[in-house]
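Everything below concerns the one structure shown next.
The values are calculated or read from the model by the stated rules, or taken from the named source; none is laboratory data. From a predicted model like this one, the values you see are computed outputs, not experimental measurements. Note that each Cβ is placed from the backbone with ideal geometry, even for glycine, and that neighbours are counted across all protein chains shown. Just so you know, the surface numbers come from the protein's heavy atoms only, side chains and all, with ligands and any DNA or RNA stripped out. Shrake-Rupley method; radii C 1.70, N 1.55, O 1.52, S 1.80 Å.
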Amino acid sequence: MVFSNLFFLYLFLPANIILYFAARSTRTRNLIMVCFSLFFYAWGEPVWVFLLIATAFVNWLLALRVQRHREAPGESGPRLALWGAVALDLSLLVLFKYTGFLYQNINALFGTSFTGPGLVLPIGISFYTFQIISYLADVYRGEVEAQPSFVKFLMYVTMYHQLVAGPIVRYQWIAREIDHRRVDPVEVWNGLCRFCVGLCKKVVVANAAGKLAAQYLDGDLGRLTTAGALFGILMFTLQIYYDFSAYSDMAIGMGRVFGFHYMENFNYPYIARSVTDFWRRWHISLSTFFRDYVYIPLGGKYRHQLRNICIVWLLTGLWHGASWNFVLWGAWYGLLLILEKKLLLRLLDRLPGFVGWLWSFFAVLVGWSIFYFVDFDRLLAFLPVLLGGRVAPDPGLGVTVQNNLFWILLSAAFCAPVLPWLGRLTDRFATGERRQAAVVAFQAAACLLLVMVSTAYLVGQSYNPFLYFRF
């Protein structure tokens, strides 16, 4: 099940909201959230939901053991329990996500014909595995207390708002809200508005951009012009941003409706003026996870910084997929970040900001090219064309751009912080009760319009994937 689904929009989510707010105690609301989350996951993964529950149960027990031994000074129990739990979680991730990749490379290297187990990748396993690991590490460090209730821990792991595509939510951020949260009408309203914006971003923009990207990037690359290659990768650049940030918007919005506050996952990454700045703005929950649980424990910038950057970006690439193009994608960004830290950042600081933006955006376009093409042969055929290898007239492209010009320009504009500016303008306008009521009425009308437009698109669309489900 996906958020941009008519069953979810008109049956699942309303039923969840009604039953949730009809319940009077936090305990009952927690049970309702667990039941709806497991149903949500089982809708698409009827078998692997049991793996999810079993993984949560084992890690819940091990976290309790970590805390119990942590309170006894001098024992090695906490570290053993922690590493045992992390090894179990990563082993499951490797089994389901990377076994086929390992078999392919062994066969290619040694000329063998081993057949992998052919396991289907459980949706969201990369996200909930990292959430569990962050919880275990925080318990080990003493930053949070282990959750004594399995139902509450299961709710943390399985909450459908962010289960299958993030953001990666750390237990310490919502620990208090698991036990103590209240209904705040303002937060509920803001959450619903955020959800509607995310829904429209996904259905209206991301899906349309995805179709255009596939039209130019999935066809015969031998006939692709440089202008067509640039247009195709620009459309993928829009698609992946609007797709993933839309999911985060909807997840954050639903979290607020039910009393949870998740961290922002995007901060207008396409206005970044360096690659370093880009990765402070893109998929923030993943970047901070690798920073806090891999980069800093390895020594950060104070000990073996270059090695640490290489390790982090190898893992970041592999996390996104079991394919060599993702390893190359991670290496691309690792190399650029090392280059910036050692040389370019000082130079970019002295130059006009527009130069830094051009550098960052060029690096991102090449990065998304590597990310898109799983087939190396197609990647090697595409990059020379993108970089100017086939400059030629493309009449068909002109027609395509003309037919889609309005929404493309509007979408590109909203890659900059337009909505926060409008929000500040609205806050300045809404000073009296009547004006506040007018603003709320305007928001309600706008949200209703977004939902109606999104519904109309969903009724007529067959193309409706979430890109990050595969990770």
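Summary table
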read-out: Virtual spin-label span in nm between residue 375 and residue 436, 7 Å along Cα→Cβ; value: 5.9 nm
read-out: Along principal axes, Cα extents of segment 258-415, largest first, whole Å; value: 54, 44, 39
read-out: Per residue value of the accessible surface for segment 250-359 (all protein chains in place, 1.4 Å probe), Å²; value: 45 Å²
read-out: Carbon + sulfur, % of accessible area of segment 1-137 - ligands and nucleic acids excluded, 1.4 Å; value: 70 percent
read-out: Cα gyration tensor shape for segment 1-137, rounded if a/c is under 1.5, else prolate or oblate; value: oblate
read-out: In Hz, Karplus ³J(HN,Hα) per residue of segment 438-446 (6.51, -1.76, 1.60; θ = phi - 60°; x = Gly, Pro); value: 5, 5, 4, 4, 5, 4, 4, 5, 5
read-out: Residue 39-residue 145 pseudo-label distance in nm [points 7 Å out on the Cα-to-Cβ vector]; value: 3.3 nm
read-out: Chain lengthening between residue 47 and residue 449 when straightened (0.36 nm per residue, less Cα-Cα); value: 140.9 nm
read-out: Set of lysines with alpha-carbon distance to residue 301 below 16 Å, sequence-local pairs under 8 removed; value: 341, 342
read-out: D (Stokes-Einstein, µm²/s), Kirkwood Cα radius, the chain, 1.002 mPa s at 20 °C; value: 89 µm²/s
read-out: Those Cys residues of the chain for which no other cysteine Cβ falls under 4.7 Å; value: 35, 193, 200, 310, 415
read-out: FRET efficiency for residue 90 and residue 406, using Cβ-Cβ distance with R0 set to 41 Å, rounded to 0.05; value: 0.30
read-out: Base-10 log of normalised Debye intensity for segment 86-190 (one unit scatterer per alpha-carbon) at q = 0.16, 0.18, 0.23 Å⁻¹; value: -0.81, -0.94, -1.25
read-out: Where trypsin sites (Lys or Arg not before Pro) fall in DSSP loop in segment 252-343, at most 15 other Cβ within 10 Å; value: 301, 303
read-out: The chain - percent relative contact order, Cα under 8 Å, separation 6 or more; value: 18 percent
read-out: Fraction of accessible area attributable to carbon and sulfur, segment 235-365 (%, probe 1.4 Å); value: 68 percent
read-out: Mean-position separation - Cα centroids, segment 251-315 and segment 205-246, in angstrom; value: 26 Å
read-out: Residues residue 416 and residue 328, FRET efficiency given R0 of 41 Å [Cβ-Cβ distance, rounded to 0.05]; value: 0.85
read-out: Rough spin-label spacing in nm, given labels placed 7 Å along Cα→Cβ, for residue 183 and residue 23; value: 1.4 nm
read-out: R0 of 22 Å, Cβ-Cβ distance residue 114-residue 315: FRET efficiency to nearest 0.05; value: 0.30
read-out: Rg(Cα)/(2.2 N^0.38 Å) for segment 1-73, N = residue count; value: 1.47
read-out: Calculated from backbone phi, Karplus (6.51, -1.76, 1.60) coupling profile of segment 383-390 in Hz, x at Gly/Pro; value: 4, x, 5, 4, 8, x, x, 8
